[in-house]
Amino acid sequence: RAKREGKNRYVLFTKGMHQELYEKFRTENGIRFGLLHREFVVHYQPKVNIDTRKTSSLEALIRWNKGGKLISPSVFIPIAEESSLIDDICLFVLEETCAFHVVMKEQDIAVPVSVNISPRQFHNADFVDLVEDLLGRYQVAPHYLEFEITETTAMKDVEHTLAVMSRLRELGILFSIDDFGTGYSSLGSLNKMPVNTLKIDKQFVDNLDANSGIIATIIAISQQMHLNVVAEGVETEEQLLGLGAMGCHEAQGYYFSRPVSDADILRYLLAEHGRS
Ligand code: C2E
Ligand code: MG
Ligand code: MG
Ligand code: MG
């Protein structure tokens, strides 16, 4: 009987494995098709200066419009990450962002835009050349393009990270550490990196009172290292006021705006400049 159960379990296991591989294969093909047929779009969400309440920069966030259904990047990015598809996605987002920079510049309302760079892409040997080519082709001035990397990406191979970052910094790229406080950072290593901004993860902002100690610590680190600090996932005035009182510089979240299309964010920026 035990033998039969064991055998059944074995069969179930391979079925599950098969199913998982099949789903992965389907998603990969879907992404490939989607890139060819322009199913992907980039949305933009403002980061707002807490004192002046003016937009200081934007974050580019990819969306997959698959037959009218929007699929979250947290579903397809991890799958794309497992293959070279992430390179195509990253190139797509960077190109869209550079093209949008040109549109903002024409309207005289350009603000910096940050792009999320996944570990595989960041540590790819061709990455810096690819970025240099884009900046040249779209004539993006220094400090208008920013890269968000997580602590995991930054700490994966500190020597390599430092080399890539310093080359990108020479091209005028700024850096943020995304979801700060959720991974493991060596503060010594972080201090050596040309980082401009720490982004406080939404999970801390969600529960501001319980996490006020952690938030105060992140703000203290940013002050010590002369970094800008942005809070993610700000949804209420109360959170905004609390973060401002603690010394946080910028906030990003649904309180100001959800991530919206390029046309919508352009209108938002124009309205801010009294040009709606
Ligand atoms: P992230 O970079 O930490 O982005 C912040 C996420 O929080 C975004 O989710 C954003 O829509 C969401 N968010 C912002 N404000 C609020 C708020 O007030 N309330 C709530 N509930 N959520 C808020 P999204 O767009 O689903 O992206 C999830 C993650 O997927 C991102 O986390 C990022 O790690 C990754 N991602 C998104 N776009 C790209 C991309 O173009 N390339 C790469 N490599 N990763 C991306
Ligand atoms: Mg981000
Ligand atoms: Mg984040
Ligand atoms: Mg986050």
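The values are calculated or read from the model by the stated rules, or taken from the named source; none is laboratory data. What you see is a predicted model, and the numbers here were worked out from it, not measured in a lab. Quick reminder, even Gly has a Cβ in these numbers, built from the backbone with ideal geometry, and neighbours come from all protein chains shown. These area figures cover heavy atoms from the full protein model, side chains too; ligands, DNA and RNA do not enter into them. Shrake-Rupley method; radii C 1.70, N 1.55, O 1.52, S 1.80 Å.
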**OP:** Please indicate, with yes or no, whether at least one residue in the stretch 124-132 is open to solvent by less than 50 Å² (accessible area, probe 1.4 Å), within 16 Å of ligand 2 (Cβ to nearest atom), under 19 Å from L58 (Cβ atoms) and not in a strand (DSSP E or B).
**Re:** no
Original post:
How many residues are part of a helix (DSSP H, G or I) and either open to solvent by less than 10 Å² (accessible area, probe 1.4 Å) or modelled with pLDDT under 95 (or both) if we restrict to the stretch 221-233?
Top reply: 1
Original post:
Limited to the stretch 156-183, what total is found for residues that are among the hydroxyl-bearing types (S, T, Y), crowded, with 18+ Cβ neighbours inside 10 Å and not in a helix (DSSP H, G or I)?
Top reply: 1
Original post:
Do we find that R258 is within 15 Å of ligand 4 (Cβ to nearest atom) and either open to solvent by 70 Å² or more (accessible area, probe 1.4 Å) or under 24 Å from V42 (Cβ atoms) (or both) in this structure?
Top reply: yes
**OP:** Identify the single condition in (1) in contact with a Leu (Cβ under 9 Å, 6 or more places away or on another chain); (2) more than 16 Å from L58 (Cα to Cα) that Y255 does not satisfy, given that it satisfies every other one.
**Re:** (2)
Original post:
Which of the following residues is open to solvent by less than 20 Å² (accessible area, probe 1.4 Å) and either on the phi > 0 side of the Ramachandran plot or among the polar types (S, T, N, Q) (or both): T236, T153?
Top reply: T153
Original post:
Any residue in the stretch 84-95 that is within 30 Å of T161 (Cα to Cα), part of a helix (DSSP H, G or I) and within 16 Å of ligand 3 (Cβ to nearest atom)?
Top reply: yes
